[in-house]
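Working notes for the structure below.
A short reminder: the numbers here are calculations on the coordinates, not readings from a lab. These numbers were taken from a predicted model, which means no experiment stands behind them. Because the Cβ atoms are built from the backbone with ideal geometry, glycine has one as well, and the counts that use them run over all protein chains shown.
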Amino acid sequence: MSNAVNVNFRMDAELKRNMEELCDDLGMSMTTAFTIFAKRMTRERRIPFDVSADRFYSESNMRYLNGIANDVREGRAHFTEHALSEDEDT
């Protein structure tokens, strides 16, 4: 790599530690891992894994959950027992 360059970016310290440990377990450096990622991404012209948002945190679901929380706070929520909340002794 005669024309190698440095690439700098910020990362959460715990994430970095965890990645360094995993890379070490795999017998490679973080530089090697990122180089593998970059080569595969440029070869395939895409991110080489699925990237998706957790639907739990979607705007519509957060509105729904906040509505339920408001109902609980204001005493409008009514709870009933169902099969999954049976006593452990039965």
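Can you pull out the residues in region 44-62 that are over 30 Å from residue 34 (Cβ atoms) and loosely packed, with under 10 Cβ neighbours inside 10 Å?
Going residue by residue through region 44-62, those that are over 30 Å from residue 34 (Cβ atoms) are 58-62.
Answer for region 44-62, where residues must be over 30 Å from residue 34 (Cβ atoms) and loosely packed, with under 10 Cβ neighbours inside 10 Å: 59, 60.
Taking first residues from region 26-40 that are under 16 Å from residue 6 (Cβ atoms) and partners that are assigned to a helix (DSSP H, G or I) and among the basic types (Lys, Arg), the Cβ contacts under 9 Å between residues at least 6 apart in sequence or on separate chains come to 30/16.
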